[in-house]
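K.L.:
I'd like to ask some things about the structure below.
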Amino acid sequence: MISRLGKIFNLIEYYSLIIALAVMVAVIFAQVVMRYVFNNSLSWSEEFARYLFVWFSWMGVSAGVKDNDHLKVDILAASLEKRGLVKSKEILNLIVFSIWLITTLIVAYYGIQIVQIQMRLNVVTPAMRLPVWIGYLSVPAFSGVVGIRLIVKMVESVKVLLSDKSNRLPVDKNEVKT
């Protein structure tokens, strides 16, 4: 059941990213045409594209976690492996995911506070007159999603560590298998 819900969420996220990008490009293109062809601009387009880009970016972070597409520096991992200080890449993954999860929880916490402040102040955007907190809501919302995805990754790493000894990295040249 949870796996099925995860797949449904992944599809919703995937198609939302595609739609958000298409809408953003269309709105910006319309703004350029209006400005340079008709010498008149859309008052709301830049603001709308900016807020949509913020949501798109945070949604992209979540999709990147799911697909392991985030940039990471492997120099430390390679150095630790070479010296025999780390026996499994999954241990490094657990360390990285733990630090990332802590950072994500901090971002979510302060994101919630910012949204609450914006709601209390009832601030609205200048062009579209939308509540500003709607734009800021992307931070805690997708920080929560990223946090869930990181926990899933951590559980997967623990399962690999507990079940598969073949994941252990060679400590010296004699242990290298071909």
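K.L.:
Give all pairs with beta carbons closer than 6 Å in which a residue from the stretch 93-120 that is in contact (Cβ under 8 Å) with a residue 40 or more places away in the chain meets a residue that is assigned to a helix (DSSP H, G or I) and basic (Lys, Arg); count only pairs at least 6 apart in sequence or on separate chains.
P.N.:
Phe97/Lys153
K.L.:
Taking the stated definitions as given, is Lys72 basic (Lys, Arg), outside any helix (DSSP H, G or I), closer than 18 Å to Val61 by Cβ and modelled with pLDDT under 85?
P.N.:
Yes, satisfied.
K.L.:
Right, another one. Within the stretch 107-157, count every residue that is assigned to a strand (DSSP E or B) and in contact with a helix residue (DSSP H, G or I) (Cβ under 8 Å, 6 or more places away or on another chain).
P.N.:
Total meeting the criteria: 1.
K.L.:
Among the residues of the stretch 88-138, how many are within 30 Å of Ala77 (Cα to Cα) and β-branched (Val, Ile, Thr)?
P.N.:
9
K.L.:
Does any residue of the stretch 92-102 turn out to be within 30 Å of Ile28 (Cα to Cα) and either acidic (Asp, Glu) or modelled with pLDDT of 95 or more (or both)?
P.N.:
No, the stretch 92-102 has no match at all.
K.L.:
Quickly run through the stretch 87-137 and pick out the residues that are among the hydroxyl-bearing types (Ser, Thr, Tyr) and in contact with a Ser or Thr (Cβ under 8 Å, 6 or more places away or on another chain).
P.N.:
Listed by number, the list holds a single entry, Thr104.
K.L.:
Now for a separate question. Can you confirm whether Trp44 is within 19 Å of the chain's Cα centre (by Cα) and surrounded by 12 or more Cβ atoms within 10 Å (Cβ to Cβ)?
P.N.:
no
K.L.:
Can you tell me which residue among Ala22, Ala77, Ala63, Ala49 is modelled with pLDDT of 95 or more and not charged (D, E, K, R)?
P.N.:
Within the list Ala22, Ala77, Ala63, Ala49, the selection yields Ala22.
The values are calculated or read from the model by the stated rules, or taken from the named source; none is laboratory data. All figures in this text were calculated on a predicted structure; none of them were measured in a lab. Every residue, glycine among them, receives a Cβ derived from its backbone with ideal geometry; neighbour counts consider all protein chains shown.
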